[in-house]
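These notes are about the structure you will find just below.
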Amino acid sequence: MKMLIIHNACRPRIFGKTSLWTCQTRCISSWISGLFKQDETRSFNSVRDGLKSMYSQCLEPLETTYLFHDFHSPKLRSADFDYKPSVMLIGQYSTGKTTFLQHIVGKDYPGMRIGPEPTTDKFIVIMNGKEDSIVPGNALVVDANMPYAPLSKFGNKFLNRFQASVTSTPVLENLTLIDTPGILSGEKQLIDRGYDFIQVVQWFAERVDRVILLFDAHKLDVSDEFKRTIEVLNMYEDKLKIVLNKADRVSPQQLMRVYGALMWSLGKIVNTPEVVRVYTGSFWKQPLQHTANRHLFELEHQDLFKDLQSLPKQNSIRKLNDFIRRSRLAKVHAYIISELKSEMPRLFGREVAKQRLIDELDTVYRRIQSRYGVSAGDFPDINQMRRKLKDYDFTKFKVLDSSLIDALDDMLNKKIPPLMSMLPNESLQLNTEDVSGGVFDLMENNPFQSGATEGVNEGKYDGSETWIVAKHMAEYEKSFQRISGGKEKVSGAAVRDELMKSHLPNTELALIWRLADVDNDGYFDIKQWALANHLLKIRLAGHELPHTLPHHLLPPASKNVSDHS
């Protein structure tokens, strides 16, 4: 229970003209208001509910006042917070985008076209539904349950090239996929489209969970439009995944050269101090032409699809991250607009002053950065701002409203942290599951997966009743007799020195002990000692150990035990 404290500002008035009752009423009101403020973030059922409330109360008023929606991103709607995770594929024509999506879904979907020529000329949203159908773009943007209404601003030329492909598959129950038109070389493609392709890509990139850039091992040239697209995507580098597709179509020696050339090209476009992670493989159903790198392709395939499979569980934190990024941008935008307003003359020379401010926008940026302590990374692209500012009358901009800035700061500093504390339990409360179906069901528990017959999996698919550890039982019996002195069981202290001869870290030896002690009695019999040595060899060979002992490694007498650790 919190103690009621009378504010210092009220104390001098208690014995003056202001009655004690008036002061106490004011203090109690302030105290109750404080309690409500502290508890308001606890009343949300989910992170998404909290973000919706904070957007309407704290962020949207600031965005509206300083024309954020005109300069950067449309107003968020409820569907933007509720929509399921999505993945967008981008690449030049014939890099395998559509076959990649077919590989994920595990079946053909309505409107799918595959060929060596540029076949996909639309933005296609692949979503789940009971029956196969195609929903035109004009119908999508008026559906209140979909987050695509803002796309109507790109006009009919775009909407005629926008559609949803509806099909029934388990993959799409927790994931939405987005195919994009293949990017061609030259300026002809820009003219023929009739809409701003790069702006559309940026709109999707702001909202999706992953952006996959596909490159063909035979076509590494980066066209001008593709370069501009990648430059726009730099601000979403945390969502970006790069895939070198059709890698089996070149020999291992050629692949090494192709990989080096791709990294060199990306180094000039992708603005990141770290080396870009490139997933190399052939993401389709065709037989491999060069099989020397088969194991590498399988590992890359597994890494990429495990990342995509986990997107539903990361969806809330992704929305929270995007919300914070949007808030920081909106705050800086408010500083820019108000600064431009304050620099405008009241009567004469407005056009000259406007052009001067646009030309010296970099100076305005530095002044704001110094005055308000804003990070340089929070500022919008200066060239894009210059282009958009030309169409506005600076005298109609609003001066800085400190109450809106304070409300936003309060949201970021006091209301967001409680939401972050809800994230660990969010997936459990919402019963969020990994993506299943299609290619995701083929990644594990089969003899064809990478490492299916190696390390701890050795013997898993043999179909034999013989315990795999028994192959070297004579060797293990000899060492067991030496350390046990003829006893049936030995303690942990007795086996400690023997196992430490491996020079493995204590944490790894502790894991081996825990896995091999299947009855948890703190002692090893001959079979448990054999199992411990088998696991020791696996680890020394460079393979990882599981945290739960696989069923096929249980000693024969323990096969009926369902769960050991």
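The values are calculated or read from the model by the stated rules, or taken from the named source; none is laboratory data. Given the structure is predicted, the values throughout are model-derived calculations rather than measurements. Note that each Cβ is placed from the backbone with ideal geometry, even for glycine, and that neighbours are counted across all protein chains shown. Just the protein is used for accessible areas: all its heavy atoms, side chains included, with ligands, DNA and RNA removed. Shrake-Rupley method; radii C 1.70, N 1.55, O 1.52, S 1.80 Å.
Being open to solvent by 20 Å² or more (accessible area, probe 1.4 Å), under 30 Å from Ser402 (Cβ atoms) and not hydroxyl-bearing (Ser, Thr, Tyr) holds for only one residue in Arg77, Arg113, and it is Arg77.
Remark: Ser46 matches the filter, which requires a residue to be open to solvent by less than 60 Å² (accessible area, probe 1.4 Å), out of contact with any Lys or Arg (no Cβ under 8 Å at 6 or more places or on another chain), modelled with pLDDT under 95 and not aliphatic (A, V, I, L, M). Residues that are over 30 Å from Leu299 (Cβ atoms) and charged (D, E, K, R) occur in segment 552-564; there is at least one. His333 passes every criterion in (1) more than 30 Å from Pro417 (Cβ to Cβ); (2) modelled with pLDDT of 95 or more apart from (1). Applying the selection to segment 485-516, what residues are in a loop (DSSP other than H, G, I, E, B) and free of Cβ contacts under 8 Å to residues at least 12 places away in the same chain? Gly485, Gly486, Lys487, Lys501, His503, Pro505 - these are the residues of segment 485-516 that are in a loop (DSSP other than H, G, I, E, B) and free of Cβ contacts under 8 Å to residues at least 12 places away in the same chain. Answer yes if at least one residue in segment 238-247 is open to solvent by 30 Å² or more (accessible area, probe 1.4 Å), out of contact with any Phe, Trp or Tyr (no Cβ under 6 Å at 6 or more places or on another chain) and farther than 30 Å from Asp108 by Cβ, and no otherwise. Yes, there is a match, as at least one residue in segment 238-247 is open to solvent by 30 Å² or more (accessible area, probe 1.4 Å), out of contact with any Phe, Trp or Tyr (no Cβ under 6 Å at 6 or more places or on another chain) and farther than 30 Å from Asp108 by Cβ.
The set of residues in segment 262-301 that are among the β-branched types (Val, Ile, Thr), assigned to a loop (DSSP other than H, G, I, E, B) and in contact (Cβ under 8 Å) with a residue 24 or more places away in the chain comprises Ile269, Val270, Thr272, Val276, Thr291.
So that you can scan it fast, the table gives a plain yes or no per residue for (1) in contact (Cβ under 8 Å) with a residue 40 or more places away in the chain; (2) under 30 Å from Val332 (Cβ atoms):
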{"position": "Ala79", "(1), (2)": "yes, yes"}
{"position": "Met112", "(1), (2)": "yes, no"}
{"position": "Leu140", "(1), (2)": "no, no"}
{"position": "Lys157", "(1), (2)": "no, no"}
{"position": "Pro170", "(1), (2)": "yes, no"}
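So that you can scan it fast, the table gives a plain yes or no per residue for (1) closer than 21 Å to Ser94 by Cβ; (2) at pLDDT 90 or above; (3) surrounded by 18 or more Cβ atoms within 10 Å (Cβ to Cβ); (4) touching a helix residue (DSSP H, G or I) at 6+ places or on another chain (Cβ under 7 Å):
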| site | (1), (2), (3), (4) |
| --- | --- |
| Leu214 | yes, yes, yes, yes |
| His218 | yes, no, no, yes |
| Asp224 | yes, no, no, no |
| Arg228 | yes, no, no, yes |
| Gln253 | no, yes, no, no |
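Remark: Leu404 matches the filter, which requires a residue to be under 35 Å from the mean Cα position of the chain (by Cα), hydrophobic (A, V, I, L, M, F, W, C) and modelled with pLDDT of 95 or more. The set of residues from segment 445-484 being among the basic types (Lys, Arg), touching a residue at least 12 places away in the same chain (Cβ under 8 Å) and over 14 Å from Leu553 (Cβ atoms) is empty.
When Gly463 is tested against (1) assigned to a loop (DSSP other than H, G, I, E, B); (2) at pLDDT 90 or above; (3) exposed (fewer than 14 other Cβ atoms within 10 Å of the Cβ), exactly one condition is not met: (2). Note on segment 123-239: enclosed helices (runs of 4 or more DSSP H) holding 2 or more residues that are in contact with a strand residue (DSSP E or B) (Cβ under 6 Å, 6 or more places away or on another chain) are 137-140, 197-207, 224-233.
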